[in-house]
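Okay, structure first, notes after.
The values are calculated or read from the model by the stated rules, or taken from the named source; none is laboratory data. Just so it is clear, the model here is predicted, and its values are computed rather than measured. Don't worry about glycine lacking a Cβ; one is built from the backbone with ideal geometry, like all the others, and counts go over all protein chains shown.
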Amino acid sequence: MLLTDRVVVVTGAGGNLGTAIMGSLSTAGARIVATDHSDTALARSRATLEAPDRHLFLPGIDLADETTCSALIARALERYGRIDGLATTVGAFAMAPLAETTGELLQRMVHINAVTTLTIMRAVVEPMRAAGGGSLVAVGAASARQASAGIAAYAAAKSAVFCLVESFADELRTEGIRVNAVLPGTIDTPQNREAMPDANRQGWVSPRQVADVIGFLLSDAASGVTGALVPVTGRG
């Protein structure tokens, strides 16, 4: 996987997956536009990179806000002149039984998971069109393909992400812009270990495993892949 001097926007770059994506992309030679709502989290992720000055770090970004996303892309274009890829990881998880699955919960899950995906994708597509191509990668969830008890609102929101990816891929396929998603299983993070201390982690996937698949989808090695929902669910 080579991404030498490709310019890739990474959202949620301060999180476990975002940090892993930046490490994977940086190793592959990409220049990263990293954004996160948290200044502190983004600074921690920045410190993991060997040559952070090659990259642009923009904290405090609200990905559901069109004006803010447009300003983010303008900053990226001012620095690098183009955008070749997007890896958008922003999202949230919530569990609730039927009695607690309210309209407010559903709206919150859709806002954080789907609206953020829509808004940042819309912001990057126009510069990609002008450049003649690009690659967008969203993060879905394997659990949303067959929703189990307690995750109705979350699964519905991630299903909306699936539909965005499939529809945009079909719309943009003749313009050289590919749109795909990864569907991770349970990701092995400190937060998930704390929340599920007795779980069998044999089938969990590492953030780097998910990040490497995202890097593949952003690269020319996946030039024939668009509209795909790629499971990354480990071997358990």
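A few remarks follow.
- Among the candidates Ala13, Ala20, Ala34, Ala51, residue that is of a type in the set (A, V, I, L, M, F, W, C) and modelled with pLDDT under 95: Ala51
- Residues of the range 1-34 classified as part of a strand (DSSP E or B) and more than 11 Å from the chain's Cα centre (by Cα), total: 6
- If you go through the range 179-236 and pick out every residue that is free of Cβ contacts under 8 Å to residues at least 60 places away in the same chain, of a type in the set (Gly, Ala, Ser), closer than 19 Å to Val139 by Cα and assigned to a helix (DSSP H, G or I), you end up with 1.
- Qualifying residue in the range 22-35 (condition: in contact (Cβ under 8 Å) with a residue 24 or more places away in the chain, surrounded by fewer than 16 Cβ atoms within 10 Å (Cβ to Cβ) and within 16 Å of Asp212 (Cα to Cα)): yes
- Failed item in (1) surrounded by 15 or more Cβ atoms within 10 Å (Cβ to Cβ); (2) free of Cβ contacts under 8 Å to residues at least 24 places away in the same chain; (3) over 18 Å from the mean Cα position of the chain (by Cα), with Thr68 passing the rest: (3)
Condition check ((1) within 23 Å of Thr186 (Cα to Cα); (2) among the charged types (D, E, K, R); (3) out of contact with any Ser or Thr (no Cβ under 7 Å at 6 or more places or on another chain)) across all residues:
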residue: Thr11; (1), (2), (3): yes, no, no
residue: Gly15; (1), (2), (3): yes, no, no
residue: Met22; (1), (2), (3): yes, no, no
residue: Gly29; (1), (2), (3): no, no, no
residue: Ile32; (1), (2), (3): no, no, no
residue: Thr35; (1), (2), (3): no, no, no
residue: Asp39; (1), (2), (3): no, yes, yes
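- Exclusive hit being surrounded by 15 or more Cβ atoms within 10 Å (Cβ to Cβ), over 16 Å from the mean Cα position of the chain (by Cα) and not charged (D, E, K, R), set Ala195, Ala199, Ala222: Ala222
- If the condition is being more than 13 Å from the chain's Cα centre (by Cα), crowded, with 21+ Cβ neighbours inside 10 Å and β-branched (Val, Ile, Thr), then the range 113-156 contributes Val124, Val125.
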